[in-house]
Amino acid sequence: MTQQKTRALNLRIPGPTPVPPDILAAVGRPMINHRGKEFAGIVERISERLKDFFLTSQDVMVLSCSGTGGLEAAVVNTLSPGDKVLAVSIGAFGERFATIAEKYGADITMLPYEWGQPARADDVRHALKVDPQITAVLVTHNETSTGVTNALAQIAEVVREFDKLLLVDAVSSLGAIPLEMDAWGLDCVVTGSQKGWMVPPGLAFAALSERGWQAYETSKMPRFYFDLGKHRDAQAKGQTPFTPAMSIFFGLDVALERMAEEGLESIFARHKRIGALTRDGVKRLGLELLCTDERFASDTVTAVKCPEGIEVSAVRNAMEDNYNIILAGGQGKLSGKIFRIGHLGLCEEDDITQTLEALGETLAKLGFKR
Ligand SMILES: *Cc1c(COP(=O)(O)O)cnc(C)c1O
């Protein structure tokens, strides 16, 4: 039985994120010819604007798939079966990236960390020193499953020292927190439409550096739909190689205009402010963050340890039923242990204040004593 909700939905999961009404309206517009002039204009505008967010002079390709498809594209366009690959993993998405490469025949060396901890650049240096055969490094910029942001610029510096390829999962960071593809020397960067971009799920964006395109030329992993060369060539003509998720392109076109208006620096500042507001509020309620070293705490998602004796499901259900606020649970081994508050994309102070207030009341009702 669905109860009448008196409050507007406050979707506080780390993707899909809320979509503002003007973008939703754009998503709902009638279809046009995907090989026609008008759509070509949209493709050109989007790919140009995305460069400003990736901070790259390279082409940014727009793929019709979820973020994971983008990660698969990163792997199959740059690596070959048998390649030795270092997979830096600080959580569920780090493991997923490694699994994709492994499925395509890469020879994976894991550099795993306890979930909730960031990776250390020195460990990456050590791993690359120990095994000079390693040709590429996989890393998650912002680990959505643990609420931890890696020091990507430092890790990238080490990977550059050793002149290896660096493939980056930036699905829940790009467009929300700082990432500089060209300046940091990242070779492949991937993100997804439903995270920081305020559009529905359905698109992944991927860019390759010059070195990345060189790797593409010699890479032998099988690829068809995700062949980035085909996407690059089609995009040069204002097209995509296959029928794109046009509705999401319509939405993205409006979203990027909105984001350009707010400005990159303002967007970063807003996420930083809201991240700190969330963490301070959570601690004020007497709760603990999963990420113990707050220098690495994510400004797009906060993972909170669920207090002893209280079920994560009880917290999430009560938040939804009584306040229409949706929180995320834990993934993998953190399932039942943490809940997560998403604060990326469309998110203002009020959304977080409301969430924290409701969370305090909910925990009190569930018998939490601080
Ligand atoms: C959401 C997410 C993904 C996967 O994206 P899907 O769109 O669900 O395939 C990958 N990596 C990170 C860090 C994410 O947050």
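The values are calculated or read from the model by the stated rules, or taken from the named source; none is laboratory data. Just so it is clear, the model here is predicted, and its values are computed rather than measured. Cβ: placed from backbone, ideal geometry, glycine included. Neighbour counts: every protein chain shown.
Consider VAL137 carefully, then state whether it is assigned to a strand (DSSP E or B) and within 20 Å of the chain's Cα centre (by Cα).
Yes: the conditions hold for VAL137.
For the range 258-268: of the residues being surrounded by fewer than 19 Cβ atoms within 10 Å (Cβ to Cβ) and touching a residue at least 40 places away in the same chain (Cβ under 8 Å), which is nearest to THR300 (Cα to Cα)? Among them, the one singled out is PHE268. Within the range 20-47, residues that are touching a residue at least 24 places away in the same chain (Cβ under 8 Å) reach partners that are of a type in the set (Asp, Glu) and exposed (fewer than 15 other Cβ atoms within 10 Å of the Cβ) with beta carbons closer than 8 Å, at six or more positions or on different chains, in the pairs ILE32/GLU38. Just one of the listed residues (ASP293, ASP299, ASP253) is in contact with a Phe, Trp or Tyr (Cβ under 9 Å, 6 or more places away or on another chain) and in contact (Cβ under 8 Å) with a residue 40 or more places away in the chain, namely ASP299. Quick check on my filter: what residues within the range 235-274 are aromatic (Phe, Trp, Tyr) and touching a helix residue (DSSP H, G or I) at 6+ places or on another chain (Cβ under 8 Å)? Within the range 235-274, PHE249, PHE250 meet the criteria.
Candidates ALA40, ALA73, ALA98: the one that is in a helix (DSSP H, G or I), out of contact with any His (no Cβ under 8 Å at 6 or more places or on another chain) and away from the ligand (no atom under 16 Å from the Cβ) is ALA40. The residue of the range 1-37 that is farthest from the chain's Cα centre (by Cα), among those that are surrounded by 17 or more Cβ atoms within 10 Å (Cβ to Cβ) and away from the ligand (no atom under 16 Å from the Cβ), is HIS34.
Please enumerate the residues belonging to the range 47-68 that are β-branched (Val, Ile, Thr) and out of contact with any strand residue (DSSP E or B) (no Cβ under 6 Å at 6 or more places or on another chain).
THR68
Answer yes if at least one residue in the range 359-370 is surrounded by 18 or more Cβ atoms within 10 Å (Cβ to Cβ) and either without any contact (Cβ under 8 Å) to a residue 40 or more places away in the chain or under 19 Å from the mean Cα position of the chain (by Cα) (or both), and no otherwise. No, the range 359-370 contains no residue that is surrounded by 18 or more Cβ atoms within 10 Å (Cβ to Cβ) and either without any contact (Cβ under 8 Å) to a residue 40 or more places away in the chain or under 19 Å from the mean Cα position of the chain (by Cα) (or both). Every residue in the range 153-174 that is away from the ligand (no atom under 11 Å from the Cβ) and touching a Ser or Thr at 6+ places or on another chain (Cβ under 8 Å), please. Hits for the range 153-174 are LYS164, LEU165, LEU167.
Listed by first and then second residue, the pairs linking a residue in the range 190-208 that is closer than 18 Å to THR240 by Cα and among the acidic types (Asp, Glu) to a residue that is near the ligand (Cβ under 9 Å from one of its atoms) and at pLDDT 95 or above, with Cβ atoms under 7 Å apart and 6 or more places separating them unless they lie on different chains, form an empty list.
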